[in-house]
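Chemist: Okay, here's the structure, questions in a sec.
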Amino acid sequence: MSRNSGIFWAILQCSMFLGNSFVFWQFEGKEVIDASTRTLVFLVLTVVAISGVICLFFLRTPQLEIDMLSRRNDLGRTDSNNRSALQAFKNSLRLFARREMMFLFWTFLYTGIELSFFSGVYSAAVGFTEKLGPEAKRLVGLCGILVGVGEVFGGFTFGLLGSRTVKKGRDPIVLLGFLCHTVAFYLIFLNLPNSSPIGPTTDIAYIFPPCAGLAMLCAFLLGFGDACFNTQIYSILGGLFADDSAPSFALFRFTQSGAAAVSFFYSSSVPLGIQLGILEFFCLIGSFTFFIVEWEDARKKRDLAFESLIQSPAEEENEERHPEEELR
């Protein structure tokens, strides 16, 4: 599951790398974005989106779902009620009441807040920092590209090393994501002025003049850290809630999207320092709650393995006794 989630995340985030590269190439050398350039960009993105939706119609039905439908038909039951929106909503509420999901809720919440930050707030803050020079606007596209590079690199890394990460657990990867984001938040605080998310500014931060290379490094760390969190969330949801995968992923996306919407709402009026403080607080809480769920899952697996080791010798002894009793 860890391998598949990592590869899926890398392929998914290729859109951020390729899309930002296309926009960067189209906007290069232009102080004013003319109508023809805007039209071309929107047409290309629209065609790509429609093509992706069309491809979904050609996906095969998973064999597991086919088997479940056949069993229901053999029992003479219809699945209309199970597939109704109301039933799915009830299943989601029931799933949310579970202890593991209530802990993971805080991790979901953090991924939504940091999603809005690296996808909208940070690149705009870099573009609004006029002390970066005349190339500040071009750095907006580069920020998106390097975030995408970090996402793809993280996804492929954890995908190729999926077998090893399963043995070590998911918590080291989430810890790596926590450290990457903490370092990135600290460097951003030092490099960009406090008023940069609000609008164009000539203010300075602790590093003068602001360093464009450091800003790009932070963009990569934001993308890589996000890949650490999301790949392991996909993995733990697929492992813990295998029988309720659809409601569990629905809760994840709902919580993440809601947190992102709230974050986007206040991001244009709140200074950078406060936003970074909010991010670091939820990063700490979300990482810790993820660790709790992962450690409890690992403990349950160890207990089951230990019980199976105890039961196997007892079963072998019973099998040896039966032939002796038959001879008697």
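The values are calculated or read from the model by the stated rules, or taken from the named source; none is laboratory data. No experiment lies behind these values; they were computed from the predicted model shown. FYI the Cβ positions are ideal-geometry reconstructions off the backbone, even for glycines, and counts take in every protein chain you see. Just the protein is used for accessible areas: all its heavy atoms, side chains included, with ligands, DNA and RNA removed. Shrake-Rupley method; radii C 1.70, N 1.55, O 1.52, S 1.80 Å.
Chemist: Output the qualifying pairs, or none if there are none: Cβ atoms under 7 angstrom, residues six or more apart or on different chains, first residue in the stretch 244-257 and part of a helix (DSSP H, G or I), second residue open to solvent by 50 Å² or more (accessible area, probe 1.4 Å).
Modeler: Leu251/Phe96; Thr255/Phe105; Gln256/Leu115
Chemist: Then there is this: For the stretch 314-327, indicate whether the set of residues that are among the hydrophobic types (A, V, I, L, M, F, W, C), at pLDDT 90 or above and open to solvent by 80 Å² or more (accessible area, probe 1.4 Å) is non-empty.
Modeler: no
Chemist: Could I ask something else about it? Examine the stretch 206-228 for a residue that is among the acidic types (Asp, Glu), within 21 Å of Met101 (Cα to Cα) and at pLDDT below 90, and state whether such a residue exists.
Modeler: No, the conditions are met nowhere in the stretch 206-228.
Chemist: To continue, here is another question. If we keep just the residues of the stretch 81-109 that are modelled with pLDDT under 85 and open to solvent by less than 70 Å² (accessible area, probe 1.4 Å), which is farthest from Val174 (Cα to Cα)?
Modeler: It comes out as Ser84.
Chemist: Can you say whether Leu309 is on the phi < 0 side of the Ramachandran plot, modelled with pLDDT under 90, open to solvent by 70 Å² or more (accessible area, probe 1.4 Å) and assigned to a helix (DSSP H, G or I), as far as the supplied structure shows?
Modeler: The answer is yes for Leu309.
Chemist: Tally up the residues in the stretch 277-308 that are of a type in the set (Gly, Ala, Ser) and closer than 15 Å to Cys228 by Cα, please.
Modeler: Residues flagged as of a type in the set (Gly, Ala, Ser) and closer than 15 Å to Cys228 by Cα within the stretch 277-308 amount to 2.
Chemist: Does Asp203 count as of a type in the set (Asp, Glu) and surrounded by fewer than 17 Cβ atoms within 10 Å (Cβ to Cβ)?
Modeler: Criteria met by Asp203.
Chemist: Report, by residue number, each residue of the stretch 154-183 that is at pLDDT 90 or above and among the aromatic types (Phe, Trp, Tyr).
Modeler: Phe178
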